[in-house]
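A.B. asks: For reference, the structure I am asking about is given below.
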Amino acid sequence: ATPQEIAGWDIDVRGPDGLGLPPGKGNVAAGEELYMTQCAACHGLDGMSRLPDAPNIGGESSIYLERQLRLFRSGERQHPQMSIIAQGLSDEDIADLSAYYGAIEIEVTSVPE
């Protein structure tokens, strides 16, 4: 991987002080509405993708998701679909989508023996 590709994978989600996450922001209801029109086709209705090249992002950290959407929008991170989609997102859209995805609760169960 090139240094530019590696920089695009930066997933440090700590706040500016390095100690914790900033206070929540974004509107979950607005994020859900935007999600249904922009994201659900690839990332699934519940954030669990049914496509092999789209990640499961339901329940992911809203701070992580916001950072990744901003990287796609700026061009620092590249993906054929996400780079195009993110171009049309405002800062508010990104905060709303991140809040919605972060609000999805994921339940993990053990594998039956």
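So that you can scan it fast, the table gives a plain yes or no per residue for (1) surrounded by fewer than 21 Cβ atoms within 10 Å (Cβ to Cβ); (2) in a helix (DSSP H, G or I); (3) touching a Leu at 6+ places or on another chain (Cβ under 6 Å):
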site	(1), (2), (3)
Phe72	no, yes, no
Gln78	yes, no, no
Ile85	yes, yes, no
Glu92	yes, yes, no
Ala99	no, yes, no
Gly102	no, yes, no
Glu105	yes, no, no
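A.B. asks: Another question, then. Restricting attention to the range 13-31, does a residue exist that is open to solvent by 50 Å² or more (accessible area, probe 1.4 Å), modelled with pLDDT of 90 or more and assigned to a loop (DSSP other than H, G, I, E, B)?
C.D. replies: Taking every residue of the range 13-31 in turn, none turns out to be open to solvent by 50 Å² or more (accessible area, probe 1.4 Å), modelled with pLDDT of 90 or more and assigned to a loop (DSSP other than H, G, I, E, B).
The values are calculated or read from the model by the stated rules, or taken from the named source; none is laboratory data. Every value quoted in this text rests on a predicted model; they were computed, and no experiment measured them. Virtual Cβ from ideal backbone geometry, glycine too; neighbours counted across all protein chains shown. Side chains included, ligands, DNA and RNA excluded: accessible areas come from the protein's heavy atoms. Shrake-Rupley method; radii C 1.70, N 1.55, O 1.52, S 1.80 Å.
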